[in-house]
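Please read the structure below before turning to the comments.
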Amino acid sequence: MHSGLSDVWVIQQFNPVSLTDHLANGRPWDLDRTNGGLLLLHPRLGEGLEGWHQGTADALWRNAALIKEYAPEALVVLSADAVYKLDYTVVVDQHLDTGAEATIVTTEVPPGDAARYGVVQVDNDGRITAYAYKPEEPHGNLIANEVFVFDPERLLALLGDEADRTDGDGLDDLGDAILPRLVDAGGAREFRFDDYWRDVGTIDSYWSAHMDLLADPAPLDLDDASWPIHTSDGSRGPARMFGTARVSDALLSPGARIHGDVEHSVIGPGVVIEQGATVRDSVLLPDTMICSGAAVERAVIDADVRVERNTVIGGPHGDGDGITLVGASDP
């Protein structure tokens, strides 16, 4: 919305009911339009490119006819599991100015994390000279952060070629074949992104991103008036702290009710923490109930979970050396 992209397509496969409920027909982002706006793309039957999406490249290929019909000047492709602030229009403008077949937004990550991503090498002119998808031994820590702008015709041609090579077995991710081919052909350029970027594709990184928001100052300003954060859950009343509550270094969402102790944690909408309960270094998703006497530390608690009286979850080191996750179906 902030980038002025009026047509947003969400490729949907996992947890479709929860995601559809959150997207709320695009209304919170002014995308609930008669023409254009938000479009959900599901796996489907009854046509030539039917079936489950096997990866990011496969998902794009199965929607190739729709992309051709829309005929965009540039196709912006985004992963949905990272936290950052970026005006995509700036990336698109550079992409069109340079005549690139693909513009890959790059970010430096800690060297020990690079193997989780596509690792790139770049020359002095910004041309990407090498791309290795999740290498066992990365050469450097400059990675593709899963924000791409493509020339649609070139991308669809490569997707079709790869589909022919797989003989109908489906494609995988963009990093497996499409991006290496674009790089090898000399058509890929970088857009360097040096601001805050955090992948949240693992439990530990999801927890760490929430802890980042508790810093003072936080690396990502949630109160930036020029870039407000919109979401579908905006109908709750104010959070309340009662007389027995003790809260420090916390983010409290609307509708939260705090009677117990909260330290260095992110508390989601509608969460209730009873008197005598303790929450420390944790993330509580919406409508969680922490009952009296329970203790939660270094944990992520899923939505609608009830932690019963005197239950202990997590601890100084979480689950082993990581973070404890409690899902709605856990006993």
It is to be established whether one or more residues within segment 140-148 are at pLDDT below 95, assigned by TED's automatic domain parsing to the domain that holds ARG116, surrounded by 20 or more Cβ atoms within 10 Å (Cβ to Cβ) and of a type in the set (A, V, I, L, M). no
One residue from ASP81, ASP58 being within 24 Å of the chain's Cα centre (by Cα), under 27 Å from ASP167 (Cα atoms) and of a type in the set (D, E, K, R): ASP58
Can you find even one residue in segment 244-264 that is outside the structural domain of ASP87 (by TED's automatic domain parsing), loosely packed, with under 14 Cβ neighbours inside 10 Å, of a type in the set (A, V, I, L, M, F, W, C) and more than 21 Å from ASP304 (Cα to Cα)? no
Looking for whichever is in contact with an Asp or Glu (Cβ under 8 Å, 6 or more places away or on another chain), surrounded by fewer than 17 Cβ atoms within 10 Å (Cβ to Cβ), small (Gly, Ala, Ser) and in contact (Cβ under 8 Å) with a residue 60 or more places away in the chain here; the options are GLY55, GLY4. Which one fits? GLY55
Within segment 78-103, residues in contact with a helix residue (DSSP H, G or I) (Cβ under 7 Å, 6 or more places away or on another chain) and outside any loop (DSSP other than H, G, I, E, B) come out as VAL83, ALA102, THR103
Would you call LEU40 outside any helix (DSSP H, G or I), modelled with pLDDT under 90 and either within 26 Å of ALA144 (Cα to Cα) or not basic (Lys, Arg) (or both)? no
Where PRO72 falls short, out of the listed (1) under 30 Å from GLY99 (Cα atoms); (2) without any contact (Cβ under 8 Å) to a residue 60 or more places away in the chain; (3) not polar (S, T, N, Q): (2)
So in segment 272-331, with the set limited to residues that are of a type in the set (D, E, K, R) and under 21 Å from GLY255 (Cβ atoms), which one is farthest from the chain's Cα centre (by Cα)? GLU274
Failed item in (1) over 23 Å from ALA64 (Cβ atoms); (2) surrounded by fewer than 21 Cβ atoms within 10 Å (Cβ to Cβ); (3) touching a residue at least 24 places away in the same chain (Cβ under 8 Å), with GLU136 passing the rest: (3)
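The values are calculated or read from the model by the stated rules, or taken from the named source; none is laboratory data. Predicted model, so just to flag it, every value in this text is computed and none were measured. Please note: Cβ atoms are built from the backbone with ideal geometry, for glycine as well, and neighbour counts cover all protein chains shown.
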